[in-house]
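Colleague: Quick one: the structure is below, questions incoming.
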Amino acid sequence: MRWLIVLLIVILGGCAHKPQPLPVRSVAVVFKSPSFKVAGSGFLQKGRRLQLYSASTPLLDLRLGKRVCLNGRCISYEMFNKKILSSSYPPTLIKNILSFRPIFSGQNRTTITGGFEQRFDNLGIIYKIYKKTLLFKDTKHHILIKIKEIDG
């Protein structure tokens, strides 16, 4: 009887739902702000992690969770904006960008071929996701984030 119970647990346990890992995409990235500049290719796990390399040398490991971890040093989203982007941005901005989701609660969103665009002329911001490319450009704060998925 004991063996029957163990056999049932093994059989049924093998059919248990296992969470699927988020897909990892190969990307080419340019990320520039007044205090931070990096360009390279690497891997993006949407909304979770961005790893960049140049000539097989690690350049960037950006992890998003409860806090933002940049090359192993973790800070709040607010502090990340203050140090890297702009303190005027909402805390969710970098997570929305790396998730390829609309920013600023989807305001000013228009559909374009292969994606969408958001323009905030009063803020100097243009944000586009089209085909396999993301572009975030803020001319007032001199910030550029461009991510292009690499087929492979």
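Colleague: For Cys74, list long-range residues whose amide hydrogen, built 1.01 Å from N in the peptide plane, is under 5 Å from its own amide hydrogen.
Modeller: When sequence neighbours closer than 5 places are left aside, there are no close amide H contacts.
Colleague: Turning to a different aspect of this structure: Whole-Hz ³J(HN,Hα) for each residue in region 47-55, computed from phi via Karplus 6.51 cos²θ - 1.76 cosθ + 1.60 with θ = phi - 60°, x for glycine and proline: what do you get?
Modeller: After applying 6.51 cos²θ - 1.76 cosθ + 1.60, I find x, 10, 7, 10, 10, 10, 9, 9, 6 Hz.
Colleague: Now, a different point. Taking a 18 Å limit on the Cα-Cα distance, which of the listed pairs Lys95/Lys128; Lys32/Lys82; Lys82/Lys140; Lys82/Lys128; Lys66/Lys128; Lys83/Lys128 fall beyond it?
Modeller: Flagged as over cut-off: Lys82/Lys128; Lys66/Lys128; Lys83/Lys128.
Colleague: Return the Cα extents of region 103-152 along principal axes one, two and three, sorted largest first, each rounded to a whole Å.
Modeller: Cα extents, longest axis first: 38, 23, 16 Å.
Colleague: Continuing with the same structure: Can you list residues whose amide H is under 5 Å from Val27's amide H, if they're 5+ apart or on another chain and H is modeled 1.01 Å from N?
Modeller: Gly42, Phe43, Leu44, Ile150
Colleague: Got a sec? How would Val27, Val38 order by Cβ neighbour count within 10 Å, fewest to most?
Modeller: So the ranking, lowest neighbour count to highest, is Val38, Val27.
Colleague: Another one. Separation of region 94-121 and region 43-85 by C-alpha centroid, Å?
Modeller: 21 Å
Colleague: Here's another thing I want to ask about it. Contour minus end-to-end for Leu135 and Asp121, with contour as 0.36 nm per residue of separation and end-to-end as the Cα-Cα distance?
Modeller: Computed gain between Leu135 and Asp121 is 3.5 nm.
Colleague: Report, by chain and number, residues whose modeled amide H sits under 5 Å from the one on Leu59, excluding near sequence neighbours (fewer than 5 apart, same chain).
Modeller: Those qualifying (amide H under 5 Å, at least 5 residues apart or on another chain) are Leu52, Tyr53, Ser54.
Colleague: Which of Ile147, Ile75 comes first, and how do the rest follow, when ranked by fewest Cβ neighbours within 10 Å?
Modeller: Ordered from fewest to most neighbouring Cβ atoms within 10 Å, Ile147, Ile75 come out as Ile75, Ile147.
Colleague: Using only the alpha carbons, work out the radius of gyration and Dmax of region 23-149 in angstrom.
Modeller: Cα only, region 23-149: 13.8, 41 Å (Rg, Dmax).
Colleague: Further, regarding this structure: Contact order normalised by length for region 12-137, with contacts defined as Cα pairs under 8 Å and 6 or more residues apart; what percent is it?
Modeller: This gives 12 percent for region 12-137.
Colleague: Another question, then. Stretched out fully, how many nm does the piece from Gln45 to Ser26 gain, at 0.36 nm a residue minus the Cα gap?
Modeller: My answer for the length gained is 5.9 nm.
Colleague: Right, another one. Could you please rank Tyr89, Tyr130, placing first whichever residue has the fewest other Cβ atoms within 10 Å of its Cβ?
Modeller: Tyr130, Tyr89
Throughout, read-outs are computed from the coordinates displayed, never taken from laboratory work. Everything numeric in this text was worked out from a predicted model, so none of it was measured. Using ideal geometry, Cβ is built from the backbone for each residue, glycine included, and neighbour counts are taken over all protein chains shown.
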